[in-house]
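Working notes for the structure below.
The values are calculated or read from the model by the stated rules, or taken from the named source; none is laboratory data. On a predicted model such as this, the values are computed, not experimentally measured, just so you know. Quick reminder, even Gly has a Cβ in these numbers, built from the backbone with ideal geometry, and neighbours come from all protein chains shown. What goes into the accessible areas is simple: the full protein's heavy atoms, side chains included, and nothing from ligands, DNA or RNA. Shrake-Rupley method; radii C 1.70, N 1.55, O 1.52, S 1.80 Å.
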Amino acid sequence: MDLKTLMARMFDTARPTFRRFWVPVLLCVTLTLTLSEALTRDPFDSVERLLRVALAVIPGILAAWCAILYWERRYTGPEQGSTTGVGTGDSAAGLEKSPLLQTPGGKNSEMTANLVAIPVAGLAIASTYAMLRDFRVVAMSRHLAICLVLALGCFIVPHVRRRGSLEMYVVRIFSHAAVSALFAAIMFFGLSAITLTVSSLFSLHVTARAYLRIFLWMAGTLAPFLFMAGIPRGTVEGDPGDYPKVLKNLVLFVVTPLLTAYTLVLYVYFAKILVTREWPVGLVGHLVLWYSMVGAAILYFVWPLTGENKWGSAFSYYFPKAVIPLTLMMFAAVGIRVRHYGITENRYYVMVFGAWVLGAMLYLMAARRRRGLVLPISLAIVAVLTVVGPLSSFSVAKWSQNRRFEALLNKYGMLQSGTIVHPTQQVPAEDRREFAEILFYFSRNHSLEDVRYLPRDFKFDEFEEVFGFSYLDAGFPVPPDGVIPKQHRYVRYQPEGQAVDTRGYDILFDFTSEFGRGPAVSLSRDGVEVVYNKETWEIQVRAEGATVWRKSVYEHILERLARYGDVTDVDLLPEDAVITGESEGLRVKLVIASLWGDLSDTATGKPVAGHMLFYVLVSRD
């Protein structure tokens with residue numbers, strides 16, 4: 001077979017999938033191009049807008065799938081037979097000849113479905129982009145909720161008031177997703193090996209960005225395209241004979257035994273609690289939640305096998321009953337955290353989705369006739385309610401943390417006529433930390449303007465003036481003796497973009513990459529070596545083995561901080577980020593690209609913590 005014939009067959013194979021899903025395919029290409037541009041740009045370039053576009057395109061792809069599947073359900077019935085491959089287009093091509101798709105007109109219906117998908121996807125992209133004003137908790141939580149709802153919609157839409165098996169539909173989708181991922185992974189490693197071999201044999205300079213671009217194209221375009229080729233038209237029949245044998249063995253003999261063992265571990269821990277009477281705190285809530293939600297998803301893979309396998313039947317019968325006591329234990333653990341520290345978004349999600357799991361398990365136990373759509377529809381509704389409206393996680397968390405803040409103010413007589421006053425008694429270090437934690441939470445996740453009773457335009461450097469005691473860093477542990485530690489002093493320099501003037505210099509040493517272990521790193525070129533001590537922030541320039549220029553960036557920054565007085569959180573100016581010098585026939589220019597440090601302890605002669613990325617330019621006179 002010649003190359004021309006091979007390429008023709010490849011295009012003929014791919015044509016049915018592209019014709020059926022050309023809008024999602026083009027959106028996948030857009031996503032790949034955007035991510036490739038954002039993740040391979042120079043470190044000084046701003047990529048925030050590109051990342052916003054990329055994140056907005058993801059709901060657009062899911063929305064386009066939902067629109068096309070909704071349109072197709074008008075002309076398709078339950079699909080018979082199984083396609084265990086990756087979706088080569090043969091099944092799609094065969095279905096085009098089906099009378100079901102010739103009403104009202106085969107290819108015309110595919111074109112109409114994609115034309116319907118364009119405004120739906122556009123609306124999803126535009127609304128998501130407008131919502132993603134930043135990458136903080138509120139925006140990202142809503143983005144994840146939108147993606148979850150639309151992903152669930154891809155399973156719900158084909159089955160509403162339609163005959164077919166949702167369970168076998170899930171099995172079919174998962175099988176094609178796994179095979180598509182495997183194909184894309186093999187392509188990635190194959191192309192990467194070819195690239196590495198060519199660059200090594202022909203002495204080509206291929207950076208890590210080339211491999212990243214290969215990965216993005218395989219994961220962002222090829223894998224979704226192969227996956228789309230295997231999406232069934234309409235619903236599928238519930239014939240267990242169509243269940244892929246490999247997946248069946250994986251579910252029955254690997255996944256369900258592992259879930260059973262995990263369940264036993266949690267019950268042993270539950271027994272330990274009953275014996276020691278020490279209620280769980282911390283991570284146990286997340287462990288139980290994710291375990292029970294994964295278990296609920298696994299049930300969709302087990303249900304088609306219950307008629308022919310006793311182990312599958314026993315697992316589907318006993319698993320919902322086993323989850324309920326563990327869910328109650330999870331609520332007890334989260335309740336302890338809520339009582340002491342109030343509700344945050346994470347605790348809210350654990351409680352709400354834990355309640356969904358509990359309701360789902362009770363439904364599965366009580367229902368005489370199980371309806372597969374109940375779980376995904378209810379989960380989609382819960383996901384929407386957690387991010388929208390007065391009962392959303394954000395509204396409830398802000399209300400809870402404000403109550404916690406108000407209780408602390410009243411405890412020390414610091415609230416009079418709606419105004420914060422200085423305390424009437426000594427405030428212990430633990431409660432000072434709690435004040436700081438609450439304000440830090442609002443500053444990181446929401447806004448200080450959402451804190452009731454706080455003065456308008458409040459800044460952290462006004463903390464002592466407003467509260468009557470010094471700020472205790474929320475991330476710093478309270479010492480056992482209750483002594484308040486020294487106040488930290490932070491400095492940072494994070495420009496959105498930077499142009500470096502290299503005129504008059506011969507060599508540029510790039511220290512903007514992450515370095516390996518060890519306190520010192522060095523770069524050398526043409527007899528000149530630059531040595532950087534990561535612990536002390538000292539830079540040395542050596543020529544012919546001798547040090548000809550030395551500069552401590554730590555001391556340089558301390559000199560610049562003198563003009564800021566007692567300010568504890570300082571953003572350096574661009575002119576503070578450039579250091580020049582001359583020595584023994586060399587001219588040196590140091591340009592700081594990014595810096596963060598804790599300079600609270602000046603006695604050590606080095607930062608308490610931090611990192612610095614920079615350039616060094618050298619010229620021989």
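Can you tell me which residues in segment 113-124 are open to solvent by 40 Å² or more (accessible area, probe 1.4 Å) and among the aliphatic types (A, V, I, L, M)? Spell out the reasoning first.
The first filter runs over segment 113-124 and keeps only residues open to solvent by 40 Å² or more (accessible area, probe 1.4 Å), leaving 115-116, 118-120, 123.
Within segment 113-124, LEU115, VAL116, ILE118, VAL120, LEU123 meet the criteria.
The conditions are (1) part of a helix (DSSP H, G or I); (2) more than 23 Å from the chain's Cα centre (by Cα); (3) at pLDDT below 90; (4) farther than 25 Å from TRP303 by Cβ, and VAL198 fails exactly one of them. Which is it?
Here VAL198 meets the rest and fails (3).
List every residue pair whose Cβ atoms sit under 9 Å apart, with the two residues 6 or more apart in sequence or on different chains, where the first one lies in segment 488-508 and is open to solvent by 70 Å² or more (accessible area, probe 1.4 Å) and the second, anywhere, is assigned to a loop (DSSP other than H, G, I, E, B) and of a type in the set (Asp, Glu).
Every condition considered, the pairs that remain are GLU496/ASP45; ASP506/ASP526.
List, please: which pairs have Cβ atoms under 6 Å, are six or more places apart or on different chains, and start with a residue in segment 176-202 that is without any contact (Cβ under 8 Å) to a residue 12 or more places away in the chain and end with one that is outside any helix (DSSP H, G or I) and of a type in the set (A, V, I, L, M, F, W, C)?
The qualifying pairs are SER199/VAL206.
So which residues in segment 280-316 are over 17 Å from GLY359 (Cα atoms), free of Cβ contacts under 8 Å to residues at least 12 places away in the same chain and not polar (S, T, N, Q), if there are any at all?
Matches in segment 280-316: LEU283, LYS310, ALA314.
Residues VAL427, VAL421, VAL451: which one is at pLDDT 90 or above and open to solvent by less than 30 Å² (accessible area, probe 1.4 Å)?
Values: VAL427 fails: at pLDDT 90 or above; VAL421 fails: open to solvent by less than 30 Å² (accessible area, probe 1.4 Å).
VAL451 is the lone residue from the list that is at pLDDT 90 or above and open to solvent by less than 30 Å² (accessible area, probe 1.4 Å).
For every residue, the table says whether it meets (1) within 30 Å of VAL138 (Cβ to Cβ); (2) without any contact (Cβ under 8 Å) to a residue 60 or more places away in the chain; (3) touching a strand residue (DSSP E or B) at 6+ places or on another chain (Cβ under 7 Å).
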{"residue": "PHE319", "(1), (2), (3)": "no, no, no"}
{"residue": "ALA322", "(1), (2), (3)": "no, yes, no"}
{"residue": "VAL338", "(1), (2), (3)": "yes, no, no"}
{"residue": "VAL352", "(1), (2), (3)": "yes, yes, no"}
{"residue": "LEU362", "(1), (2), (3)": "no, yes, no"}
{"residue": "ARG368", "(1), (2), (3)": "no, yes, no"}
{"residue": "SER378", "(1), (2), (3)": "yes, yes, no"}
{"residue": "PHE394", "(1), (2), (3)": "yes, no, no"}
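Go through GLY220, GLY190, GLY238, GLY234 for me and flag whichever is open to solvent by less than 40 Å² (accessible area, probe 1.4 Å) and in a loop (DSSP other than H, G, I, E, B). It would help to see each step written out before you state the result.
Values: GLY220 fails: in a loop (DSSP other than H, G, I, E, B); GLY190 fails: in a loop (DSSP other than H, G, I, E, B); GLY238 fails: open to solvent by less than 40 Å² (accessible area, probe 1.4 Å).
The unique qualifying residue is GLY234.
Within segment 175-187, take every residue that is over 21 Å from LYS248 (Cα atoms) and more than 22 Å from the chain's Cα centre (by Cα) and give me the one that is most open to solvent (accessible area, probe 1.4 Å). Walk me through it before giving the result.
Taking segment 175-187 first, the residues over 21 Å from LYS248 (Cα atoms) are 184-187.
Still in the running and more than 22 Å from the chain's Cα centre (by Cα): 186-187.
Working: ILE186: 105, MET187: 89 Å².
Result: ILE186.
Could you pull out every one of the helices (runs of 4 or more DSSP H) wholly within segment 250-369 that has 3 or more residues that are under 30 Å from ALA407 (Cα atoms) and open to solvent by 80 Å² or more (accessible area, probe 1.4 Å)? Show your work before the answer.
On the way: elements: 256-276, 284-302, 310-341, 345-366.
Counting at least 3 such residues, we get 310-341.
Here is a check on your reading of the model: is ARG542 loosely packed, with under 15 Cβ neighbours inside 10 Å, over 19 Å from ALA593 (Cβ atoms) and touching a residue at least 12 places away in the same chain (Cβ under 8 Å)? Please lay out each step first, then the result.
Values: loosely packed, with under 15 Cβ neighbours inside 10 Å: no; over 19 Å from ALA593 (Cβ atoms): yes; touching a residue at least 12 places away in the same chain (Cβ under 8 Å): yes.
Spelling it out, it is not the case that ARG542 is loosely packed, with under 15 Cβ neighbours inside 10 Å, over 19 Å from ALA593 (Cβ atoms) and touching a residue at least 12 places away in the same chain (Cβ under 8 Å).
Among the residues of segment 139-167, write down those that are over 26 Å from LEU222 (Cβ atoms), part of a helix (DSSP H, G or I) and touching a residue at least 24 places away in the same chain (Cβ under 8 Å). Steps first, answer last, please.
The first filter runs over segment 139-167 and keeps only residues over 26 Å from LEU222 (Cβ atoms), leaving 139-142, 145, 149, 156, 159-167.
With part of a helix (DSSP H, G or I) added as a condition, the list becomes 139-142, 145, 149, 156, 159, 166-167.
If the condition is that a residue be over 26 Å from LEU222 (Cβ atoms), part of a helix (DSSP H, G or I) and touching a residue at least 24 places away in the same chain (Cβ under 8 Å), then SER141, ARG142, ALA145, VAL149, ILE156, HIS159, LEU166, GLU167 are the ones that fit.
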